[in-house]
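Comments concern the structure below.
The values are calculated or read from the model by the stated rules, or taken from the named source; none is laboratory data. Not measured: the values here are computed from a predicted model. Quick reminder, even Gly has a Cβ in these numbers, built from the backbone with ideal geometry, and neighbours come from all protein chains shown.
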Amino acid sequence: MKERAAGGRTAEPFLKVMRPLVEAYFAFVRVDDRHIRGMGLTSSQFDVVATLGNTRGMTCREITERTLVTKGTLTGVLDRLEERGILERAPAKDDRRSLLVRLTAKGDGVFRRTFPAQIAHLKPYFDRALTSREMKTLGELLLKLKASFDTESGKGDRT
């Protein structure tokens, strides 16, 4: 049921969700980004390293599908990580037209150092605000909301 706003207009219920959702997102990004930068990576670089960790590597397409890094940004992120010796690109064995991106030994060390540190850094923020059941419910609700946007914009289109 819609509530009446000032001036007799109908207040849409989603308006009461939008601002707290965006504020929570910005607060998360601020805390997340500061810690990641303190470990010598950008958020996009960390996303790629965390995604490649404990794998034999992925194609650029797979990385784009599994991270929050857009196709347009991915090449530059990979270039910078490769320059630092954190990852390497090699022809895929099963399809030499595709490149396989994988962590180097140095990159595996970066993953093993940064991934657990980032999890440990973020966990208390969630634990003090939400119960396990609330986190499960929130996760389900956020995925449901995301799906409603995906149907409009085309699923997976992040360019």
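Of note:
- Matching entry among 64, 114 (being surrounded by 13 or more Cβ atoms within 10 Å (Cβ to Cβ), in contact with a helix residue (DSSP H, G or I) (Cβ under 6 Å, 6 or more places away or on another chain) and not in a loop (DSSP other than H, G, I, E, B)): 64
- Filter result for the condition that a residue is out of contact with any strand residue (DSSP E or B) (no Cβ under 6 Å at 6 or more places or on another chain), within 25 Å of residue 32 (Cβ to Cβ) and basic (Lys, Arg), over 112, 97: 112
- Considering residues of segment 117-159 that are part of a helix (DSSP H, G or I) and of a type in the set (Asp, Glu) only, the residue modelled with the lowest pLDDT: 152
- Residue satisfying all of: in segment 1-60; among the hydroxyl-bearing types (Ser, Thr, Tyr), modelled with pLDDT of 95 or more and surrounded by 11 or more Cβ atoms within 10 Å (Cβ to Cβ); nearest to residue 139 (Cα to Cα) among these: 51
- When segment 68-85 is filtered for residues that are assigned to a loop (DSSP other than H, G, I, E, B) and without any contact (Cβ under 8 Å) to a residue 40 or more places away in the chain, the ones remaining, listed by number, are 69, 84, 85.
- Filter result for residue 32 (touching a Leu at 6+ places or on another chain (Cβ under 6 Å) and closer than 21 Å to residue 117 by Cα): no
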